[in-house]
Amino acid sequence: MSDPYFITVSVITIASAIIALEFRELIYGAIALAVTLLGIAIFFVLLDATFVAMFQITVYVGAVVVLIIFTIMLVRREAWLRLDEGGRRRVMGAVIALAIIGLLGALLAASSIARWQASESVPTLMQIGEEMLTYYSPAFIALALTLAASVVGALVLAKVDRGKGRDKGKGEGEGEWDEEESSSGFERGGELEGERKESVEGEER
Amino acid sequence: MGLEIDRERIPGFDVEGKDADGMDKGILTLSVGPQHPGSGHFRLIVKVDGDIIVEALPDPGYVHRGEEKMCEYRNYIQNIPHLERPMIADSCGILYPYVLAVEEICNIPVPERAKYIRVIMAELNRCIFELYWLGIYGIFLGHSTMFMWPMADRELLIDLAEMASGARVTHAYFVPGGVRNDVPDAFPEKAKRHLLYFRNRLKEYKDIFYDNPLFQARTVGVGILRREDAINLGATGPVLRASGVEHDIRKVEPYDVYDELDFKVITMNEGDSFARAYVPWLEMYESVEIALQALERMPSGPVRTKLGPNPKGAVGEVFKRVEAARGELAYYLVSDGNPKPYRVKLSVPSFREIPVMAHLLKGAKLADMPSIYWSMNYWPVEADR
Amino acid sequence: MSQQGQGQASTDQLTVEKEIVDRVIARFGDKVKLAYVKPRRIRFNVSKDIILEFARYARDELGFDHPISVAGVDYPKNKLIDVVYHIGSCTNDKFRSSVLVFAVQLDRDDPVMPTLIPIYRGVEYHERETFEMLGVIFDGHPRLERLLLPEDWADIPPLRKDFHTKGREE
Amino acid sequence: MSTVSEFTFSNFVKSVLWLLFWILIIVSLIALPIIFIVLFYVPPPVINGVEINPYLLLTMLTNPQVGAPLIRPTLESLFFRIAVFPGFTFAALFATVLIFAERKTLAKMQLRVGPYHAGREAFWWANSLGGFLQLIADLLKLLGKEIIVPSGADKPIFWAAPAVLVIAAAGLIALIPVAPGWVIADIDVSLLAVFALLGFFPLTVLLASYASNSKYPFIGGLRALYQLISYEIPLILAVLPIVILASTLSLTGIVEAQYSYWFILLVPIGAFVFFVTALAELERIPFDLPEAESEIVAGWLTEYSGMAYGLIQLANYIKMYALSALFTTLFLGGWIGPEFLPSIEVFNVQVLSSGEVSSIFWFTIKTFGVALFMIIVRGTNPRVKIDVLLRVGWSKLIALSFINVFIAVALLYLGVVGVGH
């Protein structure tokens, strides 16, 4: 039953993955990437893992691709990357890729993965949650701490960057308006960041 | 690496980092107006760095029609209707100093009753303008109810003006030697009723608009105009008084009967957008007060001095100023003894707010642009003349 | 402030105006010319060499710090262009109701004078307008360019007396 | 009729008749044969064991009683659910009524009448509609307008963006249960699916603003991105206690968990945070910064015109319906309410039971109330600034939603509410 779906989705996913790599317009590449990630989400749905699928969409399409497009938009609208591909490079790339695929395939074929049996009952969300909080709790806590640390680190980096940016922005002719700005009582930089950081620290607790 | 960054095509990486205007990259030049919902017949060239305005260049002139040149071709009386065209929302205010100047240069006496009627009409027009202004301020900040309410209440005052002068906005009511015609007998009664109703409505504006924390978040502390800057930049009217300068032509140089009436000059010391929006609201109370007092004390008698067919001015010059709704409005009138003025110069408050606007917008945020721009009492048509 | 009618106020005021005139004359002597003294209006004709000095004196010593208007008047018969500054006072309570008028009389064929922006920042756009309408060039003005007229304006400055609007040639 | 100057009324009539003639010819010679060929090859749908063929349809025209037993199975078919109820037609109708209600409510608040005159002089029956035809007029106006694409625009993205927005908004309504059993996609993680679909909006808005190749859409797109991304976090956090209390991610399950208490009584702070963030997600006043017309013209939709603009607005109002419905589902007990309406019967065959009718009624009323509340907020508030918006979002709303989570956990541990009623 799921075979036609599977094949269609596979074709779309792989095709858009190739487009994402090869397309010269970065924005179309990003859109193709979004389609690839959506295709992977559909694979999860086909595997009865809707929970993972929804997270795949929320995190990758809703956040990662948005970030990529945002960057493309801010940096440049034309493609400023130049393809520098000789024939030798291309051949070598193909050979290496094929070698990796062959190795991995052989490894998988030799491993016990082929003999795995899918369990008959699909685990419910509740079961996943319970496992997460009992058996896998050390991993869960470690993961949470890593994420929290990275968020705090990002905030610290952002704050440092903002400060530097302001110093740099104050060029020769611009001292005047900087002064105006401070006199007009605009709240910028530090205060906002400080409050943000507080809230995130609250999250950590 | 398969992909290499083509350095020549990335503007951020070039040596100078400047574009044709000599500005740093990343600075976006926006042309706010004349076809922009937040501009009017006026253009503001705004250069933004991120969200901060680094330079704002006001560019008026889209509705310039040479009022000053036109005045030189017409005689003193013919000038009346076209001179009020630049400011139809406050047409008495813009005509008032002209009439005073012509009276002084042609030496025309004014009957007492006409002076009172003029004061009443000037105050009505002040409220009419402030309501219009307040409505636009509301819609500039996205408050659609604040747009509709003053527009509706304005009708009551326009009805009064229509009753007195026969015209709703362009009254051409003030003439040298008095006013064009007497007010109808029912006018004082109706005016009192409408003004009292209007004064009650003002409280509701405060409830929904000035007391709204979101409105305060947008205006308090935004675009602070310091006292010395306000004076040196030639700010006038509510903008000047919101910066703590107690300067009102009705007090410092009373014309007609303002010296006989009892009213306060409203000042605030903050100098921010909120103060500039709040001062007109307080002034509307004073306007109602003045109008009620004038209605009370208005004597009977003639309202116009009969003039000859074509009054001639004495050789010389005269500079007359009044406090219009937007501030000090002055006429500089030079006469060479002919029935036509030799030179008429309008010094209008809107034109005087342009440097203030440029000063305040520099360093402000783009989101603060509407609240600063419209708190200037700027009226593009008046500024262009 | 108390006012008892126009006549009373003007006689009161004239003493103030006399004081202004005396102080200016004492400072500048015959370098400035008193044009007239009227109730609340005092006009001096100042030569363009000392205009900056005069304006600075008016602002700092007399307290006339509030620029109201800059007007240009063309007198083709005398070959003159008057640039008339009207300055009010906001800080000096005594002179608050007076307007100090000072005019610079320029040669009509070569109307150049220094800008007063260093003293009164507010005159920037007034001076631009005067430049555009009468062709007066203000030395040191940062943006002396088109303000109100159309972009393709190629005629003489329109407020000069020898410019006539269409259909009004006399 | 080569030029406009030759226009006369008789020519106009002639051209209309000519048009009718051609339509008749084309329909009878081309369209009808095609339809019959298609009908010949496509097997007729089977509903409730009865084959729906043209003869049966013709019979129904003369004797409607034949069709009565088929109504209920038709209502339960997937096609009907997606296309009509509770799917797209219902949502679009709701959105239309919402637009009208918005205009009338705002007008009442602003001491004016609102749409009133449209159609009154042409149709006698338009009197009773009170200006509702204005919406039709607006739609016709949008349909008739040219869609102008800016010269430097990225055309495929520019055209696709409104469609994607409508699809994403329509995806939202597929997840919302209107009555017991009346939901298009009843998946067990529908709450997560809502957030997954909400993630498409910033992406599409960003692409639309990029594709417009213009300055104001650029600024508007960036603002929209800041706003939508940063307000998604409090939105998700505000819903977290609901998941804790109902111990399910399915919207149907969440509604069923509220038979004893509405969750707004247990976690009012969450409801507040959800309402505020929903306003921000909808880009409505006071959070309509991406479209702030006095600052940046119309933000990211500046360059859109005609029906492309109309589609974006349709998507916005469907989204407004979806978020109001979500608020109802999460906090106001969804369809739960007293059963008081009679069942609907056609020729003595029950089509909708009394419970279903009442559920639909309660759901609609509650959703409409929430939407009305959004409209009232619009009528009484100005727009905020981006820095205020972000500060409120990152500090106040996130903090509030954490407090909210703690309240929910405390309720759970104190035994006030048990897991999974």
Classify region B:67-384 as rounded, prolate or oblate, taking a ≥ b ≥ c as the square roots of the eigenvalues of its Cα gyration tensor: rounded when a/c is under 1.5, otherwise prolate if a/b is larger than b/c and oblate if not.
-> oblate
Tell me, how many Å apart are the Cα centres for region D:175-216 and for region D:241-288?
-> 17
Longest principal axis of chain C (C-alpha) makes with the long axis of helix C:124-134 (C-alpha) an angle, in degrees to the nearest 10, of 50
What percent does the relative contact order of chain C come to when contacts are Cα pairs within less than 8 Å and at least six residues apart?
-> 17
Between helix B:187-205 and chain B: long-axis angle, C-alpha atoms, 0 to 90°, nearest 10 = 20
Mind checking which lysines have their C-alpha under 20 Å from D:Lys145, skipping anything on the same chain fewer than 8 residues away?
-> D:Lys155
Going by a ≥ b ≥ c, the root eigenvalues of the Cα gyration tensor, does region D:14-70 fall in the rounded group (a/c under 1.5), the prolate group (a/b larger than b/c) or the oblate group?
-> oblate
As a check on your grasp of the helix formula, calculate [θ] at 222 nm for chain B: sum -39500 (n - 2.57) over DSSP H runs of n ≥ 4, divide by the residue count, round to the nearest 500.
-> -14000 deg cm²/dmol
For each pair in B:Lys362/D:Lys215; B:Lys115/B:Lys264; C:Lys48/C:Lys94; B:Lys306/C:Lys77, compute the distance between the two Cα atoms and list the pairs where it is over 31 Å.
-> B:Lys306/C:Lys77
At a temperature of 4 °C and a viscosity of 1.567 mPa s, determine how fast the protein assembly as shown diffuses translationally according to Stokes-Einstein, using the Kirkwood radius over alpha-carbon pairs as Rh; express D in µm²/s, rounded to the nearest whole number.
-> 37
Quick calc, the protein assembly as shown, dipole around Cα centre from Cβ unit charges on Lys, Arg (+) and Asp, Glu (-), nearest 20 debye, gives 1740
Overall form of chain D per C-alpha gyration tensor (a/c, 1.5; a/b vs b/c) = oblate
What does the charge count near D:Gly199 come to, summing +1 for each Lys or Arg and -1 for each Asp or Glu among other residues with Cβ under 12 Å from its Cβ?
-> -2
Cross-link list B:Lys340/C:Lys33; B:Lys69/C:Lys161; B:Lys251/C:Lys18; D:Lys319/D:Lys366; B:Lys312/C:Lys33; B:Lys192/B:Lys320: which exceed 19 angstrom alpha carbon to alpha carbon?
-> B:Lys340/C:Lys33; B:Lys251/C:Lys18; B:Lys312/C:Lys33; B:Lys192/B:Lys320
Roughly how many debye, to the nearest 20, is the charge dipole of region A:1-83 about its Cα centre, given +1 on each Lys and Arg Cβ, -1 on each Asp and Glu Cβ, and no other charges?
-> 360
Calculate, in whole percent, how much of the Cα-Cα pair population of region D:73-177 lies beyond 24 Å.
-> 48
Vicinal HN-Hα couplings computed from phi for region D:145-161 (Karplus, 6.51 cos²θ - 1.76 cosθ + 1.60; Hz; Gly/Pro x) = 7, 6, 8, 8, 9, x, 5, x, 6, 8, 4, x, 5, 4, 6, 6, 4
Report relative contact order for region A:1-83 in percent, whole number only (criteria: Cα-Cα under 8 Å, sequence separation at least 6).
-> 28
Relative contact order (%) - criterion: Cα under 8 Å, at least six apart; region: chain D = 19
Equivalent ellipsoid dimensions for region D:1-150 as semi-axes, Å, which come from the Cα gyration tensor, largest first = 37, 31, 17
Once the Cα atoms of helix B:349-361 and of chain B are each reduced to a long axis, what angle between those two axes, in degrees from 0 to 90 to the nearest 10, is obtained?
-> 20
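Rule-based calculations on the coordinates, nothing more; no lab input. Everything numeric here is computed off the predicted structure, so don't read it as measured data. All Cβ positions, glycine included, derive from the backbone under ideal geometry; neighbour counts span all protein chains shown.
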